[in-house]
Amino acid sequence: MTEARLYFAGGCFWGTEHAFRQLDGVVSTTVGYANGHIDNPTYSQVKQGDTGYRETVEVCFNPDIVSVETLLKAFFLIIDPTQDDGQAHDIGDQYRTGIYYPSDFPMTLFDDLNRAFSEEKLKYDKFFTELKPLSVFYNAEDYHQDYLIKNPGGYCHVSLGQFKAVRALNKGKG
């Protein structure tokens, strides 16, 4: 298999996107809005918190290089699944955490996803991260794409230490 896609809502999508870029085997990332109820949402609409959309990152990856389990480890290194409707200082429905899989997601990978997610969930007394099918995804505006590359000093709820921990998941690297 050469490529698969998963969608991760981890609070503000700038840091979530940057974290996944740290992993070998991630082919591309695109920030956008997932699983809401209006067509062609804008950032201005989504940040109002009444569209049902989550700030989300589409992660295209090569499962021969990076496993679904590693992607989930990276995700749970950068989020707090016990925080409902937000991450850190980013509060609102649009910042709720979740993992969304497309209808064409390979069943063998789905079994790995479901198992790793269930194992992670057992670690917590309360747990608000969603695991759901992807119903819709719209790309965010261009200025949101690669935001932390374009703006290295830009706001991010993910710490430098968390980015380093994600990089350490690469085989033989730290």
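Quick one: count up the residues across segment 74-110 that are surrounded by 18 or more Cβ atoms within 10 Å (Cβ to Cβ), among the hydroxyl-bearing types (Ser, Thr, Tyr) and not in a loop (DSSP other than H, G, I, E, B).
3
Conditions (1) in contact (Cβ under 8 Å) with a residue 12 or more places away in the chain; (2) over 15 Å from VAL31 (Cβ atoms); (3) of a type outside the set (Ser, Thr, Tyr), marked per residue:
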residue	(1), (2), (3)
LYS123	no, yes, yes
SER135	yes, yes, no
TYR138	yes, no, no
ASP146	yes, no, yes
PRO152	no, yes, yes
VAL158	yes, no, yes
GLN162	yes, yes, yes
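Return yes when LEU113 is touching a residue at least 40 places away in the same chain (Cβ under 8 Å), surrounded by 12 or more Cβ atoms within 10 Å (Cβ to Cβ) and in contact with a Pro (Cβ under 6 Å, 6 or more places away or on another chain) and no when it is not.
Taking the combined requirement at face value, the residue does not satisfy it.
Suppose we keep only residues that are of a type outside the set (Lys, Arg) and surrounded by 13 or more Cβ atoms within 10 Å (Cβ to Cβ) within segment 155-167. Which one would you say is farthest from the chain's Cα centre (by Cα)?
Step by step, filter segment 155-167, then rank; the result is ALA165.
Give all pairs with beta carbons closer than 6 Å in which a residue from segment 1-22 that is on the phi < 0 side of the Ramachandran plot meets a residue that is assigned to a loop (DSSP other than H, G, I, E, B) and of a type in the set (Val, Ile, Thr); count only pairs at least 6 apart in sequence or on separate chains.
Short answer, once both residue conditions are applied: ALA9/THR97; GLY10/ILE79; GLY10/THR97; GLY15/VAL158; ALA19/VAL158.
Looking only at segment 14-29, filter to residues that are at pLDDT 95 or above and under 19 Å from ARG96 (Cβ atoms); which one of those is surrounded by the fewest Cβ atoms within 10 Å (Cβ to Cβ)?
Looking at the filtered set, the residue picked out is PHE20.
GLN48 - would you say it is farther than 24 Å from PHE163 by Cα and without any contact (Cβ under 8 Å) to a residue 60 or more places away in the chain?
yes
Mind checking whether some residue in segment 122-142 is part of a helix (DSSP H, G or I) and surrounded by 18 or more Cβ atoms within 10 Å (Cβ to Cβ)?
Within segment 122-142, the first condition is being part of a helix (DSSP H, G or I), and the residues that meet it are 142.
From the residues that got through so far, the ones that are surrounded by 18 or more Cβ atoms within 10 Å (Cβ to Cβ) too are none.
Within segment 122-142 (the criterion being part of a helix (DSSP H, G or I) and surrounded by 18 or more Cβ atoms within 10 Å (Cβ to Cβ)), the answer is no, since none of the residues qualifies.
The values are calculated or read from the model by the stated rules, or taken from the named source; none is laboratory data. This structure is a prediction, so every number in the text was calculated from the model and none was measured. Positions of Cβ are backbone-derived with ideal geometry, glycine not excepted, and every protein chain shown enters the neighbour counts.
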